[in-house]
Amino acid sequence: MQPPPNTYCHAAKDHPFHGPYHDFEYGFPIADDDNLFGRLLLEINQAGLSWLTILKKKEAFKKAYADFSIEKVAGFGAGDRDRLLSDAGIIRNRLKVAAAISNAQVILELQAAHGSFRNWLDAHHPLPKDEWVKLFKKTFRFTGGEITGEFLMSTGYLPGAHHEACPVYAQIASLSPPWMH
């Protein structure tokens, strides 16, 4: 059964960037803290832009932000900020660059207190979206409702990434993402 034509599941089919993201990343639970941080960083950078722009720049983001290493990004200084702001391969926005570095530092604190970023997320699950948004706004920089919602949906903490008729939905359900509990 095909998902309805007005869904991301339908629109992503056979697209060179959306297709692989939809089929192998979107909505799948992420256990690794660096990968969770990378997804948060990408969602923050998407604000005001298309997701396609971010998908096309994903590898450049990974390279620019030390393979999404929380520890390395948390230690970025003025020279790194300048380098990021002059890197045409990524989004060169001062607020987004500052948020990435600050959020990495916050995640280090969360890891120290909870063992991992994922453990911190799990400790707050389940929350309704509006409570997640309040928590993220209090904890991180540059995380409004859309960014928080997409981050949590794309990492398996909120439902809605895939239509039930989408074959990927069954794959994700078999992984028992947090939103199913």
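The values are calculated or read from the model by the stated rules, or taken from the named source; none is laboratory data. None of these values were measured; they are calculated from a predicted model. Don't worry about glycine lacking a Cβ; one is built from the backbone with ideal geometry, like all the others, and counts go over all protein chains shown.
Odds and ends about this structure:
- Pair list, Cβ under 7 Å, 6 or more apart: region 41-62 residue closer than 18 Å to Pro16 by Cα, other residue of a type in the set (S, T, N, Q) and part of a helix (DSSP H, G or I): Ile54/Asn45; Ile54/Gln46
- Per-region count, region 154-181, residues of a type in the set (A, V, I, L, M, F, W, C), in contact with a Leu (Cβ under 8 Å, 6 or more places away or on another chain) and in a helix (DSSP H, G or I): 1
- Phe151 being part of a loop (DSSP other than H, G, I, E, B) and on the phi < 0 side of the Ramachandran plot: no
- Of the residues making up region 9-44, those that are among the hydrophobic types (A, V, I, L, M, F, W, C) and either over 14 Å from Val73 (Cβ atoms) or more than 11 Å from the chain's Cα centre (by Cα) (or both) are Cys9, Ala11, Ala12, Phe17, Phe24, Phe28, Ile30, Ala31.
- Residues (of a type in the set (A, V, I, L, M) and surrounded by 13 or more Cβ atoms within 10 Å (Cβ to Cβ)) located in region 23-40: Ile30, Leu36, Leu40
- The set of residues from region 73-103 being assigned to a loop (DSSP other than H, G, I, E, B) and in contact (Cβ under 8 Å) with a residue 12 or more places away in the chain comprises Phe76, Asp87, Gly89, Ile90, Ile91, Asn93.
- Some residue of region 125-132 being in contact with a Ser or Thr (Cβ under 6 Å, 6 or more places away or on another chain) and either part of a helix (DSSP H, G or I) or surrounded by fewer than 17 Cβ atoms within 10 Å (Cβ to Cβ) (or both): yes
- Top-ranked residue in region 10-66 [being assigned to a helix (DSSP H, G or I) and of a type in the set (Asp, Glu); ranked as nearest to Arg83 (Cα to Cα)]: Glu59
- Selection within region 41-53 - out of contact with any Ser or Thr (no Cβ under 8 Å at 6 or more places or on another chain), within 26 Å of Glu164 (Cα to Cα) and crowded, with 17+ Cβ neighbours inside 10 Å: Leu42, Trp51
- All positions within region 137-172 that are within 17 Å of the chain's Cα centre (by Cα) and among the hydrophobic types (A, V, I, L, M, F, W, C): Phe140, Phe142, Ile147, Phe151, Leu152, Met153, Leu158, Ala161, Ile172
- Residue satisfying all of: in region 1-22; loosely packed, with under 12 Cβ neighbours inside 10 Å and of a type outside the set (S, T, N, Q); modelled with the highest pLDDT among these: Pro16
- Residues within region 127-147 that are in contact (Cβ under 8 Å) with a residue 24 or more places away in the chain and not aromatic (Phe, Trp, Tyr), tallied: 7
- The condition of being under 18 Å from Phe28 (Cβ atoms), modelled with pLDDT of 95 or more, over 16 Å from the mean Cα position of the chain (by Cα) and surrounded by fewer than 14 Cβ atoms within 10 Å (Cβ to Cβ) does not hold for Ala113.
- Scanning region 133-149 for residues that are exposed (fewer than 15 other Cβ atoms within 10 Å of the Cβ) and closer than 19 Å to Leu42 by Cβ turns up Gly144, Gly145, Glu146.
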